[in-house]
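Below is one structure, written out as structure tokens; the observations come after it.
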Amino acid sequence: MRISTALSYDRSMSYLQKTNTKLDTVSEQYNTGLKFKTAAQDPTGMGNKLRFDAEISTYTQYSVNAGLASDALGLEETALSIIYETLSSCVVSLQSAVNGTFDKYNLDAVATSLEESLALVFDLTNTKTAEGEYIFSGSQSMQPTMVKVADGSYQCQADAGFRQVKVSPSVKVTTSDSGLGIFQQSQICRTASSNDASISYSVSTQFDSFVNNIYVAGGNNDLTMNIDNATGTYQIMHGTDVLQKGSYKEGDTIGFEGLEITPNAGTISCTISLDEPKNDNMLNTLSQMITALRNEDLSKKELTTILQQGQVALNNSKENVNVALGHVGGRLNNIEKVINSNEALNVIKQEARANITEVDAYEATSELVKQQNALQVAQRTFSMVNGSTLFDYIN
């Protein structure tokens, strides 16, 4: 077989080019840390890389969502906590105002304190995010939750809507609560009326619970208290059911389910009508208490009754706020767990992607040295082979 100088030269150059290409590829892997950059270099690897890239991006967004949800719930928790503490302070103030030794100046001081609390609670019910959205307005987030209308009362503009954020493939977290349920739907003190007796209320919610359980719209909502002077006893009945009975002498005050009932003199049958249960917001309750404290036309007993009813209403409002705080705390706890889970899964997926796309540093170094040596050998061989002539053999 005859080998021409041109053929030998071409083959040597081809080997040099291939060796140099391999060195370039290994050098790029060493410098970038990546096994491949295009699908042509590794179609299967590129497909797996793109899949992991998408999953990692998704979990990164979940983490962002969870952070935003945590911030929103943290703001709500702070607002509700301060509202709860403020309402607790207002209840204490009302308790002190029931004190029989308070004169009008003391009552006015309590009213002034309640005014400041009212302003604070009003401001907190209209808490806004940095973007200017009202967190308690439900779907109507661009309008204030609570507003003061022309007659001086407060109204809730929130709807029952709420917002949710997806923080993992199967978990959505509610990031806002409507003030309609927290603030507006607070039950005010349930009341009763009678032409045959004087009625006052305890500070407990016992009568509230009783009315809520027994009251039927359009039904029989009257209680009857029958007094038997001959035996010195009484019975309180609802229809034919005897709810309470005991001993009685004229002038006694009967305690019943949080009510204090004092029949008028000479009464032997007393009808007590349960008033329709109503709900209102805490702002109106505070406003009414301020008005009552400054109304010098009210008798001490009338004022006491109003203040006792106000305490019950504010305690009910506190309970609503407390329930909402519990829900917010539960969500924050869940978000923390989801964030930890997402971070762990994200790390696992990043490691899996790295196993597919990234070169081992030691292997890359070894391969680089190997290819450098191969190129050097090829270059020396090329020089030796293509530098030879026929005269070398003749000599």
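The values are calculated or read from the model by the stated rules, or taken from the named source; none is laboratory data. Keep in mind it's a predicted model, so treat the numbers as computed, not measured. Cβ coordinates were reconstructed from backbone atoms using ideal geometry, including for glycine residues, and neighbour counts include every protein chain displayed.
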Q. Residues Val312, Val323: which one is β-branched (Val, Ile, Thr), buried (at least 20 other Cβ atoms within 10 Å of the Cβ) and within 33 Å of the chain's Cα centre (by Cα)?
A. Val312
Q: Specify the residue that is modelled with the lowest pLDDT; the eligible residues are those in region 52-85 that are charged (D, E, K, R) and over 13 Å from the mean Cα position of the chain (by Cα).
A: Asp53
Q: Could you tell me whether any residue of region 244-258 is touching a helix residue (DSSP H, G or I) at 6+ places or on another chain (Cβ under 8 Å), modelled with pLDDT under 90 and over 20 Å from Asn320 (Cα atoms)?
A: yes
Q: Return a yes/no flag: does region 169-192 have any residue that is within 30 Å of Ala265 (Cβ to Cβ) and among the hydroxyl-bearing types (Ser, Thr, Tyr).
A: yes
Q: Among the residues of region 199-232, count how many are more than 13 Å from Ile261 (Cβ to Cβ) and either in a strand (DSSP E or B) or of a type in the set (S, T, N, Q) (or both).
A: 12
Q: Please verify whether region 324-343 includes one or more residues that are closer than 30 Å to Asp196 by Cβ, in contact with a helix residue (DSSP H, G or I) (Cβ under 9 Å, 6 or more places away or on another chain) and modelled with pLDDT of 90 or more.
A: no
(Q) Looking at region 202-222, can you tell me whether even one residue there is β-branched (Val, Ile, Thr) and surrounded by fewer than 14 Cβ atoms within 10 Å (Cβ to Cβ)? (A) yes
Q | region 80-130 - residue that is acidic (Asp, Glu) and more than 24 Å from Val321 (Cα to Cα) and, of those, surrounded by the most Cβ atoms within 10 Å (Cβ to Cβ) | A | Asp108
Q) Taking Val211, is it β-branched (Val, Ile, Thr) and in contact with a strand residue (DSSP E or B) (Cβ under 6 Å, 6 or more places away or on another chain)? A) yes
Q.
Here's a check for you: in region 171-201, which residue that is under 25 Å from Asn284 (Cβ atoms) and free of Cβ contacts under 8 Å to residues at least 60 places away in the same chain is surrounded by the most Cβ atoms within 10 Å (Cβ to Cβ)?
A. Gly179
Q. Of all residues in region 233-256, which are in a loop (DSSP other than H, G, I, E, B), within 15 Å of Gly266 (Cβ to Cβ) and not acidic (Asp, Glu)?
A. Tyr248, Lys249, Gly251
Q) How many residues are among the β-branched types (Val, Ile, Thr) and within 30 Å of Glu319 (Cβ to Cβ) when one looks only at region 244-284? A) 5
